[in-house]
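The values are calculated or read from the model by the stated rules, or taken from the named source; none is laboratory data. This structure is a prediction, so every number in the text was calculated from the model and none was measured. Heads up, the Cβs are rebuilt from the backbone with ideal geometry, glycines too, and the neighbour counts pull from every protein chain shown.
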């Protein structure tokens, strides 16, 4: 694979958070202590080398930044305090911005004005829609489905879901082009993509490599992350698939499956996001020593979404109509911007890119074992 040197790459990656990049003198200690690094996927050192030398095309074709789960061991053991763990985190932000064809992700990562402005704009649109289009306000009892007809909310959910899917899938296709269609790379046969789908599914559902990352306490981090994802997915399915069952004016018994699933999702989201926020405030662990602004938005918005959601439920059970309606609007004014802005363009996107990277890596490694006559040589550069 040939490469073109871009002398601005190191300066650009520093804008994404790799402030100590120039301190690294490639002793290799970071790669030696990393339990996930291997001969086939050597990091962080290889990625740091790409960044310092300006090898942008090789960086775009690499999946190694996504194979790192940031246990902090590499940064803790670095004799130069070059913080290679945060360099890889910054690289993931950079790659997210390059996969995004709209250019919005880059603006959000590099400008707090853009980040908070975009969130505020979407929130304002949500509030305006309810202000002008809400249904009759019933005050003698809680009638949420009269104030916010479930069929219209459901339609909005599906429209938003299709929009998010379109952005994520198009960005994933761009990632595939960078990683799998690099200059001089071998194009794997379709059969390999199909046979390795299990890798994508397993890692998307479990993130099981995290258990092998760093010290034994990372098993707890993996469990918390798994619970967080389970809570998020549970709530997502309830809202996007079963909204007509989930959002009702009928007060179901406590042991009703609908309530139990909602309580589980809310409890997990509140507990894990609060734990993340507290960890970043205390800065005890290596991975919390530095926090990019987007690292805060990720847990804070999810925490507020869960908190406002349970508040709607409490006010509804207490028979407080106006408090229920106003809190419901506030809940959506938090949740919708989080989904519209953070999922396709921000840190949430790693939920798609990390398992995709493992999938592409597996396909690419298997392709190297396929006889030459069964693969096509790609001549077009990424």
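Check the stretch 36-51 and report whether any residue there is touching a strand residue (DSSP E or B) at 6+ places or on another chain (Cβ under 8 Å), on the phi < 0 side of the Ramachandran plot, free of Cβ contacts under 8 Å to residues at least 60 places away in the same chain and in the same structural domain as residue 85 (by TED's automatic domain parsing).
Of all residues in the stretch 36-51, those touching a strand residue (DSSP E or B) at 6+ places or on another chain (Cβ under 8 Å) come to 49.
Now restrict to residues that are on the phi < 0 side of the Ramachandran plot: 49.
After this cut, where a residue has to be free of Cβ contacts under 8 Å to residues at least 60 places away in the same chain as well, the list is 49.
Adding the requirement that they be in the same structural domain as residue 85 (by TED's automatic domain parsing) leaves 49.
Within the stretch 36-51 (the criterion being touching a strand residue (DSSP E or B) at 6+ places or on another chain (Cβ under 8 Å), on the phi < 0 side of the Ramachandran plot, free of Cβ contacts under 8 Å to residues at least 60 places away in the same chain and in the same structural domain as residue 85 (by TED's automatic domain parsing)), the answer is yes, since at least one residue qualifies.
Output the number of residues of the stretch 98-123 satisfying the condition of being surrounded by 20 or more Cβ atoms within 10 Å (Cβ to Cβ) and under 29 Å from residue 63 (Cβ atoms).
Initially, the stretch 98-123 is screened for residues surrounded by 20 or more Cβ atoms within 10 Å (Cβ to Cβ), giving 99-100, 105-106, 108-109, 115, 118-119, 123.
Remaining after also requiring under 29 Å from residue 63 (Cβ atoms): 99-100, 105-106, 108-109, 115, 118.
The qualifying residues number 8.
So residue 10 clears everything in (1) assigned to a helix (DSSP H, G or I); (2) touching a residue at least 40 places away in the same chain (Cβ under 8 Å); (3) within 28 Å of residue 186 (Cβ to Cβ) except one condition, right? Which one?
If we test residue 10 against (1) assigned to a helix (DSSP H, G or I); (2) touching a residue at least 40 places away in the same chain (Cβ under 8 Å); (3) within 28 Å of residue 186 (Cβ to Cβ), just (3) comes out false.
If a residue has to be assigned to a loop (DSSP other than H, G, I, E, B) and under 17 Å from residue 233 (Cβ atoms) to count, how many in the stretch 158-214 make the cut? Reasoning before the result, please.
Here is the first cut: in the stretch 158-214, the residues assigned to a loop (DSSP other than H, G, I, E, B) are 181-185, 188-189, 196, 207, 213-214.
Adding the requirement that they be under 17 Å from residue 233 (Cβ atoms) leaves 207.
Residues meeting the conditions: 1.
Out of all the residues in the stretch 70-80, is one or more in contact with a helix residue (DSSP H, G or I) (Cβ under 9 Å, 6 or more places away or on another chain), outside any loop (DSSP other than H, G, I, E, B), closer than 21 Å to residue 6 by Cβ and modelled with pLDDT of 90 or more?
So the first thing to find is which residues in the stretch 70-80 are in contact with a helix residue (DSSP H, G or I) (Cβ under 9 Å, 6 or more places away or on another chain), and the list is 70-80.
Among the residues that remain, those that are also outside any loop (DSSP other than H, G, I, E, B) are: 73-76.
Restricting the remaining residues to those that are closer than 21 Å to residue 6 by Cβ gives none.
Looking for residues that are in contact with a helix residue (DSSP H, G or I) (Cβ under 9 Å, 6 or more places away or on another chain), outside any loop (DSSP other than H, G, I, E, B), closer than 21 Å to residue 6 by Cβ and modelled with pLDDT of 90 or more, one finds none in the stretch 70-80, hence no.
Can you name every one of the helices (runs of 4 or more DSSP H) wholly within the stretch 230-343 that holds 2 or more residues which are closer than 29 Å to residue 74 by Cβ, touching a helix residue (DSSP H, G or I) at 6+ places or on another chain (Cβ under 6 Å) and at pLDDT 90 or above?
Values: elements: 243-246, 257-282, 293-317, 321-337.
Ranges flagged: 257-282, 293-317.
For the subset of the stretch 129-149 comprising residues that are in a helix (DSSP H, G or I) and more than 28 Å from the chain's Cα centre (by Cα), which member is nearest to residue 333 (Cα to Cα)? I'd like the intermediate steps shown before the answer.
Within the stretch 129-149, the first condition is being in a helix (DSSP H, G or I), and the residues that meet it are 129-133, 144-147.
Still in the list and also more than 28 Å from the chain's Cα centre (by Cα): 130-133, 144-147.
On the way: 130: 10, 131: 12, 132: 15, 133: 15, 144: 16, 145: 18, 146: 19, 147: 16 Å.
Once the filter is applied, the top-ranked residue is 130.
From the list 223, 201, which residue is in the same structural domain as residue 327 (by TED's automatic domain parsing) and more than 18 Å from residue 352 (Cα to Cα)?
Working: 201 fails: more than 18 Å from residue 352 (Cα to Cα).
On inspection, the qualifying residue turns out to be 223.
Tell me whether the stretch 254-263 contains one or more residues that are out of contact with any strand residue (DSSP E or B) (no Cβ under 7 Å at 6 or more places or on another chain), surrounded by fewer than 16 Cβ atoms within 10 Å (Cβ to Cβ) and in contact (Cβ under 8 Å) with a residue 24 or more places away in the chain.
Scanning the stretch 254-263, I find no residue that is out of contact with any strand residue (DSSP E or B) (no Cβ under 7 Å at 6 or more places or on another chain), surrounded by fewer than 16 Cβ atoms within 10 Å (Cβ to Cβ) and in contact (Cβ under 8 Å) with a residue 24 or more places away in the chain, so the answer is no.
Only one of these is more than 19 Å from the chain's Cα centre (by Cα) and surrounded by 15 or more Cβ atoms within 10 Å (Cβ to Cβ): 327, 250. Name it.
So the residue among 327, 250 that is more than 19 Å from the chain's Cα centre (by Cα) and surrounded by 15 or more Cβ atoms within 10 Å (Cβ to Cβ) is 327.
Within the stretch 111-129, count every residue that is closer than 15 Å to residue 148 by Cα and touching a residue at least 40 places away in the same chain (Cβ under 8 Å). Spell out how you get there, then give the answer.
At the first step, the residues of the stretch 111-129 found to be closer than 15 Å to residue 148 by Cα are 126-129.
After this cut, where a residue has to be touching a residue at least 40 places away in the same chain (Cβ under 8 Å) as well, the list is 126-127.
Qualifying residue count for the region: 2.
Kindly establish whether residue 180 is assigned by TED's automatic domain parsing to the domain that holds residue 308, more than 20 Å from residue 266 (Cα to Cα), crowded, with 17+ Cβ neighbours inside 10 Å and under 21 Å from the mean Cα position of the chain (by Cα).
When the stated conditions are applied, residue 180 does not pass them.
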